[in-house]
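Since every read-out is calculated from the coordinates, none of them should be taken as a lab result. Since we're looking at a predicted model, the values are computed, not measured. Reconstructed Cβ throughout: ideal geometry from the backbone, glycine too, with neighbour counts over all protein chains shown.
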Amino acid sequence: HLATATSYNNMGLSLRDLGRHEEELQHNQKALEIYRKALGDDHPDTATGYNKMGFSLRNLSRHEEALQHSQKALEISSKALGENHPTTATSYNNM
């Protein structure tokens with residue numbers, strides 16, 4: 001359920017603020033799995049999930065993986081929302 005994905009994301013943010021990045025990553029992975037399953041790979045919320053994964057991986061110094069997730073988020077958001085949408089701008093910023 002999408003509310004569950006939101007809860008995982010919120011928990012991930014809290015864990016990030018506490019510096020518990022491995023746990024943050026686990027929660028963001030679960031949220032992304034839910035978004036992909038419920039909404040598909042081309043939905044803007046799925047792009048947000050990829051962005052959050054990118055942040056989590058960057059916090060763990062897993063930069064190559066972080067870049068891959070950020071690129072996927074940018075690809076989805078630019079297709080789904082267009083180049084001038086704020087979410088797409090966030091994706092560019094994350095790159």
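Structure above, values below:
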| quantity | calculated |
| --- | --- |
| Most mobile of Ser78, Ser56, Ser70 in a GNM of the chain (Cα contacts under 10 Å) | Ser78 |
| Cα gyration tensor shape of the chain, rounded if a/c is under 1.5, else prolate or oblate by comparing a/b with b/c | oblate |
| Cα-based shape type of region 1-56, given that a ≥ b ≥ c are square roots of the gyration tensor eigenvalues and the cut on a/c is 1.5 | prolate |
| Extension gain (nm, one decimal) between Ala3 and His85, 0.36 nm per residue minus Cα-Cα | 27.1 nm |
| Within region 1-71: Cβ-based charge dipole about Cα centre, in debye rounded to nearest 20 (Lys, Arg +1; Asp, Glu -1) | 100 debye |
| Simple spin-label estimate for Asn10 and Glu23 in nanometres, 7 Å along Cα-Cβ | 1.7 nm |
